[in-house]
Amino acid sequence: MQSFTIKLDFRIVSAMLTVVILVMLGFWQPWSAAASAKTISVSGTASIKALPDQYVFSPTYEAKGATEKEALASATNQTTTITVALKALGVPDKDIATASSATGNYYPYWKWNAGSKTATTSLTVTVDNKDLAEKVQTYLLTTDLTGSASPQASFSETRRKALEAEARTKAIDDAKAKATQIATELGVHVGKAQSVDTNNGYGEIMPLASGKAVAQDANGGGPVTAPAPVIYTGQNDISASVAIVYALR
């Protein structure tokens, strides 16, 4: 009877087994379960209240004329008078702008009205002081405006960023406190943060007074101009939320 002898190279067999093991590990990925079992995902939130530090006025005006040129000239004179008065109150040039640009180039629109034309212009006045804002509002109520005399109260860019940073810090503290509590109950310890997602936001404060203040004469006469209302803005909320994945050890 004829016999056969098969010789196997140990190095080849070892390489083949290594490939098989690596392929099996690639499919099973046992480290995934271990990693997920050693992390914890928590969320943290925080909200802080603060007073606004910026007041933006956007009054609009109409000026009529027989022609576009006359209406525009009237609008220009009217806006110039108002701008001079605002600067006299203490509003800097840089904080006064027309609707089109800050260079003083008016952008009126025209509409027909019984053979004449009307130019409509608007101003944007930014004030960072409440006392000055009330003075501006008082003055605007004496002008022949067609829009609101009250400002839109909000946070300046610098103030908003500072408040967001403060709220975010508190949100992170909230998340870490939750993670620590859960870890303690599980008998483990909180390690380093693996990932962080943040979110900030706040709503604009709506003005409480708008238009021209008017009251009826006590003797039954026509309307009389009443004292300008005080600007009441209240506080606004700045909120922040974070989602953090911590390692557990």
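A few points about this structure:
- Positions within region 140-179 being surrounded by fewer than 18 Cβ atoms within 10 Å (Cβ to Cβ) and under 24 Å from Gly90 (Cα atoms), in sequence order: Thr142, Thr143, Asp144, Thr146, Gly147, Gln152, Ser156, Glu157, Thr158, Arg159
- Test: Thr184 is modelled with pLDDT of 90 or more and part of a loop (DSSP other than H, G, I, E, B): no
- Residues in region 63-95 that are open to solvent by 70 Å² or more (accessible area, probe 1.4 Å) and either in contact with a helix residue (DSSP H, G or I) (Cβ under 7 Å, 6 or more places away or on another chain) or not aliphatic (A, V, I, L, M) (or both): Lys64, Glu68, Lys69, Glu70, Asn77, Thr81, Lys87, Asp93, Lys94.
The values are calculated or read from the model by the stated rules, or taken from the named source; none is laboratory data. Bear in mind that the values here come from a model prediction, so they are computed numbers and not experimental data. Positions of Cβ are generated from backbone atoms using ideal geometry, with glycine treated the same way; all protein chains shown enter the neighbour counts. Areas reflect the complete protein model, heavy atoms only, side chains present, ligands, DNA and RNA absent. Shrake-Rupley method; radii C 1.70, N 1.55, O 1.52, S 1.80 Å.
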